[in-house]
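Laboratory data are not the source of any read-out in this text; all were calculated from the coordinates shown. Worth saying up front: this structure is predicted, and the values here are computed from it rather than measured. Quick reminder, even Gly has a Cβ in these numbers, built from the backbone with ideal geometry, and neighbours come from all protein chains shown.
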Amino acid sequence: MKNKLSTSTTLLLVAGTVALVAGVWTNIFSNSLMLLMDSVNFIPAESSIFTFEPYEINQGSSSYWIYGKDGENYYYFSYDAVAPYLFISKTNVCQGFDPSNFNTWCSAKQGAKK
């Protein structure tokens, strides 16, 4: 006698596999935790919860990102109420460009208000 999986069991297995793949190959789980743990955190409008990757985190009592990146841009959390972050293309032509020093970002744009 063959064991047959019910449709609901099959769908549950597929959904679990998709969630596992998303967690392994994207930043969705780490970004979700970041957003849940600190109300200051946000994902820049030019990026997404799947691709945004913080690479410098505040070491104080809050764990918000200071610098982040995705496939196209670098981001700096500027603490400014009007423009809370700056971003610059990874293909910029700034002389002496340092992704971890926003002062070297010659053509940075202001991000949208949160």
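For the reader, a short list of remarks on this structure follows.
- To the nearest ten degrees, helix 7-25 and the longest principal axis of the Cα atoms of the chain are 30 degrees apart.
- Helical contribution to [θ] at 222 nm, DSSP H n ≥ 4, -39,500 (n - 2.57), averaged over the chain, rounded to 500: -8500 deg cm²/dmol
- Stretch in the chain that is longest and holds no chymotrypsin sites (Phe, Trp or Tyr not before Pro) that DSSP places in a loop and that have at most 16 other beta carbons within 10 Å: 1-49
- Coil-residue GluC sites (Glu not before Pro) of the stretch 39-114, DSSP, other Cβ within 10 Å capped at 13: E72
- Label of the coordinate-derived value, Kirkwood radius over Cα pairs in Å, listed as (1) 15.0; (2) 14.5; (3) 16.1: (3)
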